[in-house]
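Below you'll find the structure I mean.
The values are calculated or read from the model by the stated rules, or taken from the named source; none is laboratory data. Because the structure is predicted, anything quoted here is derived from the model rather than measured. We place every Cβ from the backbone using ideal geometry, glycine too, and count neighbours over all the protein chains shown. Heavy atoms of the whole protein, side chains included, go into the accessibility calculation; ligands, DNA and RNA do not. Shrake-Rupley method; radii C 1.70, N 1.55, O 1.52, S 1.80 Å.
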Amino acid sequence: MEKQRNKYTLPAFFRRDKAKSDTVSVRDDSRKPWNSMAIVKKIFWGVTAVLAAMLLWGYVLLTQNPDRQKTFNGIEVKLESGSEADLLYKNLMVYGSISELLQDVSVTVSAPLNDITKLEPADITATVNFNDVHGSGVTRIRIRAASTTGSVVAIEPSYIDVDIDDITTRTISVDQTFEGELEDGYWHGTPTVSPRSISIKGARRDVESIKTAICRIDLDGLAESINHSVILTLLDEEGEEVDSAVLLESIPSVNVQMQVLPYKLVDINYTIADELDPGLEITSAILSTDQVTVACDAETLSQLSSIEADPIYVGDYSVPGIYEQTLQLSGIPEDAVIIDNTNLRTVKLTIMVIEVKDEKVFENMGITLTGRRDGCIYAFYLPDENGNLGEPLVRLAANIVIYGPHSTVEAVTSSDLMLLLDVSGLGEGAYDLPLRLVWNTAVAPLESIEFPTTVHVVITLGEQ
């Protein structure tokens, strides 16, 4: 009996039509089932299948070239050329910073497969324009995008909200302030700032918020006069600084001129050209300013020791009193500045004139004796400062010394004075009697009168 052949069922992957199965050769029948294949063969056949599928898919793509989409992030939004100028032409402008409004966007582009792979962010543009803006207020503006290849199918975000404000112009004052300090020994004059007001132009809200402009003058390190331009600082009502970038025109500035010079303290000297009338003297002469601070160039200042005033004349002063003279100053360097008073060219001198105190001595002025009795002998003694009597007077006389204003003293003569001694009713004995001074005429009061106030009298009986 013929031995029966082993039969098995092939996997579906290898299975053939029945019509062809009869023609399978003995060699085909001898192939091993998939499950019984070695692992290497399995890998080989698997890789072969994948490669075949990929080749087939690539062929389809190359022949069909279908559209594909790609999203590009971080695309910069730019303002279309002439767009801002068009807004300004309408007397409008963006309130705030345009650069802060134009944030990056994401743009999705559709293009054929062959092209989409070559597309880069540089091929994408995103723009906005203000052509449709015609008034102030918050306006929503659409963002437009374009690609060098394919077409833009989406923009995210697709619009921006822009705050539009009217353009206005306003004039504000310019104030000045100093910062820092000059070196010791230097002085600065009052600066000349030009112009004293400026015109600012920009968004209405920005312009109305600016109240003043400050010219800050830096004194640190200055050793010479200045003449240069200074950028202004804009301040709002609270004194806070406003960024000048909000203005449409250039940053405002002013020209500053200011003297800076070394200085020192200098005496004012004067002389008296004539003399007072006799009997008068000057007790005080006071200058309204006896020293001044002078600022000028260093070389001239080093040679300046004093400033001379005109000489004064006092010969016409005939009576005591207070007199004032105005003295012209001379010797001030041409370009010098007197810091205390920049216009100082004269000083006032106040002079006090009084009458000289004078003294006059009337020697041996006779003493008139009254009340003398016959039969009595009189001896007279004038005590000295220690009370000693000394020798009796040969002649009944004494010295009178007067002191007072020169004119009064000069007017007194010996005939105006009389010394009286009264011995009435006195008998023998020794007496200290008062000596009286009598004025014969009325004279101005004197400050002092000196004469012996007591006379020692010794009376004895007998014929003299």
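Any residue in the stretch 198-205 that is outside any strand (DSSP E or B), under 17 Å from the mean Cα position of the chain (by Cα) and not aliphatic (A, V, I, L, M)?
Initial filter on the stretch 198-205 (outside any strand (DSSP E or B)): 204-205.
This time we only want the ones that are under 17 Å from the mean Cα position of the chain (by Cα), so: none.
No, that holds for no residue.
Out of all the residues in the stretch 234-252, which are buried (at least 16 other Cβ atoms within 10 Å of the Cβ) and assigned to a strand (DSSP E or B)? Quick ask: steps written out before the conclusion?
Filtering the stretch 234-252 for residues buried (at least 16 other Cβ atoms within 10 Å of the Cβ) gives 234-235, 242, 244, 246-247, 252.
Answer for the stretch 234-252, where residues must be buried (at least 16 other Cβ atoms within 10 Å of the Cβ) and assigned to a strand (DSSP E or B): 234, 235, 242, 247.
Pick from the stretch 324-350 the residues that are touching a residue at least 60 places away in the same chain (Cβ under 8 Å) and among the hydrophobic types (A, V, I, L, M, F, W, C): which of them is most open to solvent (accessible area, probe 1.4 Å)? Don't jump to the end; show me each part of the working.
Step one: of the stretch 324-350, the residues touching a residue at least 60 places away in the same chain (Cβ under 8 Å) are 329, 337, 339, 342, 347-350.
Now drop any that are not among the hydrophobic types (A, V, I, L, M, F, W, C), which leaves 329, 337, 339, 347, 349.
On the way: 329: 22, 337: 18, 339: 50, 347: 4, 349: 0 Å².
Step by step, filter the stretch 324-350, then rank; the result is 339.
Here's a check for you: in the stretch 416-442, which residue that is free of Cβ contacts under 8 Å to residues at least 40 places away in the same chain and out of contact with any strand residue (DSSP E or B) (no Cβ under 9 Å at 6 or more places or on another chain) is surrounded by the fewest Cβ atoms within 10 Å (Cβ to Cβ)?
442
Quick one: what pairs do we get from the stretch 387-399, first residue under 16 Å from residue 364 (Cα atoms) and of a type in the set (Ser, Thr, Tyr), second at pLDDT below 90 and open to solvent by less than 60 Å² (accessible area, probe 1.4 Å), C-beta under 8 Å, 6+ apart or different chains?
Partner pairs satisfying both residue conditions: none exist.
So, one more: Report, by residue number, each residue of the stretch 159-171 that is without any contact (Cβ under 8 Å) to a residue 60 or more places away in the chain and either surrounded by 15 or more Cβ atoms within 10 Å (Cβ to Cβ) or in contact with an Asp or Glu (Cβ under 9 Å, 6 or more places away or on another chain) (or both).
Answer for the stretch 159-171, where residues must be without any contact (Cβ under 8 Å) to a residue 60 or more places away in the chain and either surrounded by 15 or more Cβ atoms within 10 Å (Cβ to Cβ) or in contact with an Asp or Glu (Cβ under 9 Å, 6 or more places away or on another chain) (or both): 168, 170.
Identify the residue in the stretch 82-100 that is out of contact with any His (no Cβ under 8 Å at 6 or more places or on another chain) and part of a loop (DSSP other than H, G, I, E, B) and, among all such residues, is nearest to residue 133 (Cα to Cα).
Looking at the filtered set, the residue picked out is 91.
Would you be able to tell me the number of residues in the stretch 355-379 that are farther than 28 Å from residue 430 by Cα and of a type in the set (D, E, K, R)?
5
Which members of the stretch 253-282 meet the condition of being among the β-branched types (Val, Ile, Thr) and open to solvent by less than 70 Å² (accessible area, probe 1.4 Å)?
Initial filter on the stretch 253-282 (among the β-branched types (Val, Ile, Thr)): 254, 256, 260, 266, 268, 271-272, 282.
Answer for the stretch 253-282, where residues must be among the β-branched types (Val, Ile, Thr) and open to solvent by less than 70 Å² (accessible area, probe 1.4 Å): 254, 256, 260, 266, 268, 282.
Also, I was wondering about something else. Name, by its number, the condition in (1) at pLDDT 90 or above; (2) within 30 Å of residue 293 (Cβ to Cβ); (3) β-branched (Val, Ile, Thr) that does not hold for residue 361.
Against the list (1) at pLDDT 90 or above; (2) within 30 Å of residue 293 (Cβ to Cβ); (3) β-branched (Val, Ile, Thr), residue 361 comes up short only on (2).
If residue 114 meets every condition in (1) more than 30 Å from residue 165 (Cα to Cα); (2) under 60 Å from the mean Cα position of the chain (by Cα); (3) at pLDDT below 90 apart from one, which number is that one?
Failed condition: (2).
Looking at the stretch 141-157, which of the residues that are within 22 Å of residue 123 (Cα to Cα) and without any contact (Cβ under 8 Å) to a residue 24 or more places away in the chain is least open to solvent (accessible area, probe 1.4 Å)? Break it down into steps so the answer makes sense when it comes.
The first filter runs over the stretch 141-157 and keeps only residues within 22 Å of residue 123 (Cα to Cα), leaving 142-157.
Okay, now just the ones that are also without any contact (Cβ under 8 Å) to a residue 24 or more places away in the chain, so 142, 144, 146.
Working: 142: 140, 144: 90, 146: 49 Å².
Selected residue: 146.
Please find, within the stretch 294-323, the residue that is farthest from residue 408 (Cα to Cα) out of those that are part of a strand (DSSP E or B) and either open to solvent by 70 Å² or more (accessible area, probe 1.4 Å) or touching a Lys or Arg at 6+ places or on another chain (Cβ under 7 Å) (or both). Outline the logic, then answer.
Step one: of the stretch 294-323, the residues part of a strand (DSSP E or B) are 294-295, 306-309, 312, 321-323.
From the residues that got through so far, the ones that are either open to solvent by 70 Å² or more (accessible area, probe 1.4 Å) or touching a Lys or Arg at 6+ places or on another chain (Cβ under 7 Å) (or both) too are 294, 308, 322.
Numbers: 294: 48, 308: 39, 322: 20 Å.
Here the residue is 294.
Hey, another quick one. If you check residue 367 against the conditions, is it touching a strand residue (DSSP E or B) at 6+ places or on another chain (Cβ under 6 Å), of a type in the set (A, V, I, L, M, F, W, C) and farther than 30 Å from residue 277 by Cβ? First the steps, then the outcome.
Details: touching a strand residue (DSSP E or B) at 6+ places or on another chain (Cβ under 6 Å): yes; of a type in the set (A, V, I, L, M, F, W, C): yes; farther than 30 Å from residue 277 by Cβ: yes.
Judged against the criteria, residue 367 is a match.
Applying the selection to the stretch 89-119, what residues are more than 18 Å from residue 140 (Cα to Cα) and touching a strand residue (DSSP E or B) at 6+ places or on another chain (Cβ under 8 Å)?
Step one: of the stretch 89-119, the residues more than 18 Å from residue 140 (Cα to Cα) are 89, 91, 106-119.
Within the stretch 89-119, 91, 106, 107, 108, 109, 110, 111, 112, 113, 116, 119 qualify.
Same structure, new question: Please pick out the residue among 91, 131 that is of a type in the set (S, T, N, Q), at pLDDT below 90 and either open to solvent by 50 Å² or more (accessible area, probe 1.4 Å) or at positive phi (or both). Working first, answer last.
Values: 91 fails: at pLDDT below 90.
Answer to the check: 131.
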